[in-house]
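Below is one structure, written out as structure tokens; the observations come after it.
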2 protein chains.
Amino acid sequence: MPLETGPVGTLDPLLPIAPQLFRLLRHRIVHNDLRPGHRISETEIAREFGISRQPVREAFIKLAGEDLLAILPQRGTVVCKISYAAVLDARFLREAIEADIVRILSSAPDPAWIAEMRAQIAAQRSAMTGPQQAFFALDDSFHRTLAGAAGKNGAWRLIEGLKSQMDRVRFLSLAHFPVPNLIDQHEAIVDRIEAGDVAGAERHIRDHLREILKDLPVIAAESPAFFDLPAGGIPDPVNAPVTGGDHP
Amino acid sequence: MPLETGPVGTLDPLLPIAPQLFRLLRHRIVHNDLRPGHRISETEIAREFGISRQPVREAFIKLAGEDLLAILPQRGTVVCKISYAAVLDARFLREAIEADIVRILSSAPDPAWIAEMRAQIAAQRSAMTGPQQAFFALDDSFHRTLAGAAGKNGAWRLIEGLKSQMDRVRFLSLAHFPVPNLIDQHEAIVDRIEAGDVAGAERHIRDHLREILKDLPVIAAESPAFFDLPAGGIPDPVNAPVTGGDHP
DNA sequence: AATTGATTTCTAGTATGGAAGTATGGTAAG
DNA sequence: CTTACCATACTTCCATACTAGAAATCAATT
């Protein structure tokens, strides 16, 4: 995994500091160690790590680019709330992209990649009894493998940025996600890819990526303080327009 | 248009400098005023605009995030060549996203938006005789309108980032793009949306966004110095795996 | 007591100085 | 003529100092 390597919590002074700090703070925010609305200042972080403000500032700017921090000039910097709309947007984009990835795969199935995916699914089942975060890592790996198998590693880089918004929800309420179901869905996707069933594979990946729509309203209702909700309260995103995967 | 506003070439010292400089340099790179491979330094740019190196540095970091600059620690900063692979990746992602956008639109056509799109197409035809850059602006506006009509303005923000890679190609060789054809394609897309023909609308937007595949090899062969080509020379991207829009 | 005003104390933004590392050009040795 | 070496002139990166502006605190006034 290119990102998120190494222990999270310390900085190696020999390596460039700003990118390290960026990953570290990003990890803290996505895992809700830094809570939405919490104010942090460049000075404070600089003191905590014994570095100057400059690399902190650069990390802040990059985090603001992912909508994880809001920098208010001359006023302060706050951890963004989880934008309900942004989560839905990110999910929509992921579905669109991964649907096409799966179409590529199923239109020309590669036995070597199929074997790799099945091995990963086996690992996912083994991780079912362990901590849920372990499954999430394997889940990421699975989806990244899909992209890689389709020759779209560049696409995964983009998805990683989108995923940060969705991950904040994921780590906010680990209990809500039906891991066994998700693994079954992974298996169904690979089955349809192996069978060369383009429409079927597409339908399954789209359904898979719509799972979060069921849980999001529940989680948002549980922790409204963490969310930036649209006017009118929590909408029912399941009623969002159908976007594909349902052709005859 | 949120980005690229104001005159390009001067900085307002009253406003935050770093974001202004970012947009300005981005414009120069995308329009190939700064050529691929050209070396620039923080000091040089700082002198040119009479500012300090720090905001320059921050602009550089953001440009590196869009793969427009490559910052080599302690060695220098160069304008990235146009990555052939990145252009293909960006195009793939755009197709996936806009295909789903068009599916939303055609599954529930809105007369008001249809009228807006038709008006824009008329404006495009008027701009056919003028400079080609004027058409490009209208083309962007059209696609942005599609996203907005589907309630996916957030998606357009992402596409804008992807588009910078494709725009570099576009501005590199204005002559190659068959503007009348593109406008006809726009019209066909809107026709299918209005008719509620989901599969047809999807097929047309995908074909539309594949136009660049025809021109890219030609442009790359004309200006190989501007491109970062994969090993083995210029591939034929038209033979890339089919990714959708061709169901029965 | 409530309100207005000045002051103090925070913030991010910018400027500048120094440290570490790399490429380059010249010089001396083989 | 070729090669190894060293000094120099760059580069980015980090640290520090300073500026401008916003918010909060406290005092004076009504």
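Where a number appears in this text, it was derived from the coordinates with a stated rule and is not lab data. None of these values were measured; they are calculated from a predicted model. As a convention, Cβ positions derive from the backbone with ideal geometry for all residues, glycine included, and neighbour counts pool all protein chains shown.
The table below lists the values:
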quantity: GNM flexibility winner over chain B from B:Q132, B:Q20, B:Q74 (Cα, springs under 10 Å); calculated: B:Q74
quantity: Cα gyration tensor, segment A:49-172 - rounded (a/c under 1.5), prolate or oblate; calculated: prolate
quantity: Gaussian network model of chain A, Cα within-10 Å springs - most flexible of A:V87, A:V56, A:V30; calculated: A:V56
quantity: Shielding of B:193-199 by partner chains, average beta-carbon count, 10 Å; calculated: 1
quantity: Separation between Cα centres of segment A:59-73 and segment A:138-195, rounded to whole Å; calculated: 26
quantity: Dimensionless Rg over Rh [chain B; C-alpha; Kirkwood]; calculated: 0.99
quantity: Neighbour-count order for B:D236, B:D228, fewest beta carbons within 10 angstrom listed first; calculated: B:D236, B:D228
quantity: Over chain A, relative contact order from alpha-carbon pairs under 8 Å, at least 6 apart, %; calculated: 23
quantity: Candidates B:S164, B:S41, B:S106, ranked by Gaussian network fluctuation over chain B, Cα under 10 Å, top entry; calculated: B:S41
quantity: Cβ-vector label at 7 Å, A:G148, separations to other copies in nm; calculated: 4.1
quantity: Label distances, nm, A:P224 versus same residue in remaining copies, Cβ-directed 7 Å point; calculated: 6.5
quantity: Estimated 222 nm signal from helices in chain A, with DSSP H stretches of n ≥ 4 weighted -39500 (n - 2.57), rounded to 500; calculated: -20500 deg cm²/dmol
quantity: Cα→Cβ-extended label distance, 7 Å offset, between A:D236 and B:H27, nm; calculated: 4.8
quantity: Estimated Rh, the protein assembly as shown: Kirkwood, alpha-carbon pairs, angstrom; calculated: 24.3
quantity: Whole-Å semi-axes of the ellipsoid equivalent to segment A:17-80 (Cα gyration tensor, √5λ, descending); calculated: 15, 13, 11
quantity: Of all DSSP beta bridges in chain B, antiparallel share, percent nearest 5; calculated: 65
quantity: Spacing of the two label points (7 Å from each Cα toward its C-beta) at A:D207 and A:D110, in nm; calculated: 2.7
quantity: Computed label-point distance, nm, for sites B:T10 and B:D215 using a 7 Å Cα→Cβ extension; calculated: 3.3
quantity: Over 30 Å between alpha carbons, listed pairs A:K163/B:K214; A:K163/B:K81; A:K163/B:K163; A:K81/B:K152; calculated: A:K163/B:K214
quantity: DSSP bridge orientation in the protein assembly as shown - percent antiparallel, rounded to nearest 5; calculated: 65
quantity: When segment B:170-226 is reduced to its Cα atoms, the Kirkwood hydrodynamic radius in Å; calculated: 12.6
quantity: Candidates per chymotrypsin sites (Phe, Trp or Tyr not before Pro) in segment A:84-138, loop by DSSP, up to 13 other Cβ within 10 Å; calculated: none
quantity: 7 Å along Cα→Cβ, label-point gaps from A:D197 to other copies, nm, shortest first; calculated: 2.9
